Every structure is written in structure tokens, then in C-alpha cells.
Amino acid sequence: MASVKKGLLAMLFSFLFTLCAHAQKLEGTIKDATGKVIDGASVIIKGSNVGTTSDADGAFSISAKTNDILIVTALGYAIQQIKISNNGPIAII
């Protein structure tokens, strides 16, 4: 019985490590159509409680995975949903 528990525990740690390994830091900048940075915009991963806000330079950083969908909201702007195709820097306009 103890070896079964150790095996399950090892599988659980392996699974959690795999989940963590796929989420990477994603950085980006939020600007309007004229190029003005938008500070204080909310960036949330759809279907989760993971989120952040853009700083005074419109920059943000969030831990996300490929195929996650970012929901970006800012006062006075339309809500945008952006699907992550890779974990490189992105510009949201």
C-alpha cells in the first residue's frame, strides 16, 4: 500500500511539474490605434483567475500557455480577446 501511495504521489508531482513547465512568462504592450500606451488595462486569462494590469508604459507580464486566450479590457475601449499562438512578446492595439 505504501508503494502505491508513493507511486501516486510521484505521478502527481510529475503532472504538476508538466503543467508548470508549459506556462511561460508572456510580456507585451497595450496601445491604442494612435500608438498611445494604455496604462491600467486588465489582462486576464479566459476561464481562470490569473490576471494582471498594464503599467504606466502599457507593459504587462503574465504567465500563460500557447492557446490560452487573453481578455483585455480598458475603460473607454472595446474588449479584446487574443489567442496566444506562441510565448513571444505581443503588442495589443
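Before moving on, here are some points about what is shown:
- Pair LYS36, ASN67: separation of 7 Å Cα→Cβ label points (nm): 3.9 nm
- Based on the Kirkwood approach, the hydrodynamic radius assigned to the range 32-75 is 11.0 Å, with every pair of different Cα atoms included.
Read-outs throughout are calculated quantities, based only on the coordinates presented, and are distinct from any laboratory measurement. From a predicted model like this one, the values you see are computed outputs, not experimental measurements. Here the Cβ is made from the backbone with ideal geometry for all residues, glycine too, and neighbour counts use every protein chain on show.
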